[in-house]
Every structure is written in structure tokens, then in C-alpha cells.
Amino acid sequence: MYNIIFVGAPGAGKGTQAIKVAEALGLIQVASGDIFRQNIEEKTSLGQLVQSYMAKGELVPDEVTIDMVLERMYRNDVTKGVILDGFPRNLHQATELDEALAKRNEAISKAVCIDVREEELVNRLSSRRVCRLCQAAHSVGDKKCLRCGGELYQREDDTAQTIKHRLEVYFKQTAPVIDYYHQQGKLIKVDGSGDVDKITKKIVNALK
């Protein structure tokens, strides 16, 4: 199994790149947000557990999230490996994930950090639009979702007032995760500025 993690600040394009790189390498993209929604919609035991925490206004424990991620990673449609998009978000999740994978004689193969300057991140986020159906990100000029045709809208946390705070939280939480994989010799840093397809090519070449 070739298990890859995509790390990047909000607006860095990790979701877009995770989809494109997964397709190029024959891997399955696993987005933590999609897993939550799917389990809740399908009313799985994990989904019901997540909903119970959310109903009480409590954070979902890392152990529950990891169980969901692992369940998705080992479904029958995963033959070569996965790209984890949006998880782990902090050092505790990263170490817990490693321990859970080790019990299966598995490990994270590489961690791809998509690096974008803060000024550009702010510009991207303030002009980003998201699909109501599949949550795919689009630029402000798009009229409908290019993936599923759904309606586009601006998320409340993509407004100028909240972007700076989101970036501060990201850098505080995720910097230790980047260091963690760097110390393991698994980190690949890629410049996330410029043409989307060229960035995809850089990532694919680095992973190959």
C-alpha cells in the first residue's frame, strides 16, 4: 500500500491536487470531511457515534476519526493505496495514525506539503467558491460546479474577517505535523503557486 498525506494551509489547493494526483497514480483520495458526511448519511455505527458527539456540541475524538479513516483505507476499491486529504491535522492525530497503521504492518509512505505564500492564500480564499453538493473548490468566476454541476457559494469562513485567524490556527497546529514527517524523511515540499496542472506534474514526479 502506498499511503500519502497531503498537508497544506487553507487555500493551498491540497483538495484539488489530491484528486488530480490520485487519478494520475491510480490511488484513492480519502477526504476526512467526505468520510464524516458519508458515515452520517449511511447511518453506520461510526456515523451514529460521530452524530452523537456533534449533537452535544463536542469535538469528535481523534480515535473515532482514525477508525473512520482506516475503515475507508481498507475497502475493496483500494488496491494501490490512498491519498489522505485533511487528516491528520495535528501532531497527536499523526502519531495516533502511525500507531494504528503499525498494527496492520502499514505506514505513511510520504507527506506532501503544498507551500503557498500567506498573501496568496488570503487572495485565494477570499475569492473561493464551494459547491453545495460535493464541496469542490472553484474560483469566483465559475458559474457552477465543474465536477457535478452543483450550485456554488462562498463559505462563511472564507470571508476576509476569518481568513487570518484560520491561517494562524493552521500554522500553529500543522507546523509540528510537517516537522514530524520531515524528521522521518518522508516530507516532500512543493511550491503550490502557479498553474494547477504544472503543480500536479511536480507532485507526481516527486512521488515517482
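Things worth noting here:
- A simple count of charges around Q135, restricted to other residues whose Cβ falls under 10 Å of its Cβ and scoring Lys, Arg +1 and Asp, Glu -1, yields +3.
- With both labels modelled 7 Å from their Cα along Cα-to-Cβ, the V60 to R132 distance reads 2.3 nm.
- All other residues whose Cβ lies under 15 angstrom from that of P176 are scored, Lys and Arg at +1 and Asp and Glu at -1, for a net of -2.
- Simple label model, 7 Å out from Cα along Cβ direction - D98 to C148, nm: 3.5 nm
- Residue-by-residue Karplus 3J(HN,Hα) for region 47-54, coefficients 6.51, -1.76, 1.60, Hz, glycine and proline x: x, 5, 5, 4, 4, 5, 5, 5
- Computing Kirkwood radius over Cα pairs in Å directly from the structure and comparing it against (i) 17.8; (ii) 21.4; (iii) 16.8 singles out (i).
- D197 paired with D115, simple spin-label distance in nm, labels 7 Å along Cα-to-beta-carbon: 2.6 nm
- Mean sequence separation of contacting Cα pairs (under 8 Å, at least six apart), scaled by the length of the chain, corresponds to a relative contact order of 29 percent.
- Residues whose amide H falls under 5 Å from that of S193, counting only those 5 or more places apart or on a different chain, are absent, with hydrogens built in the peptide plane.
- With a Förster radius of 25 Å applied to the C-beta separation of E41 and N105, the computed FRET efficiency comes to 0.20.
- Efficiency of FRET between E168 and A206 - r from beta-carbon atoms, R0 25 angstrom, step 0.05: 0.30
- The alpha-carbon of K14 sits under 16 angstrom from the alpha-carbons of these lysines, leaving out residues fewer than 8 places away in its chain: K110, K189, K198, K201, K202.
None of the figures in this text is laboratory data; all of them are computed from the coordinates on show. These numbers come from a predicted model, not from an experiment. So basically every Cβ, Gly included, is an ideal-geometry build from the backbone, and we count neighbours across all protein chains shown.
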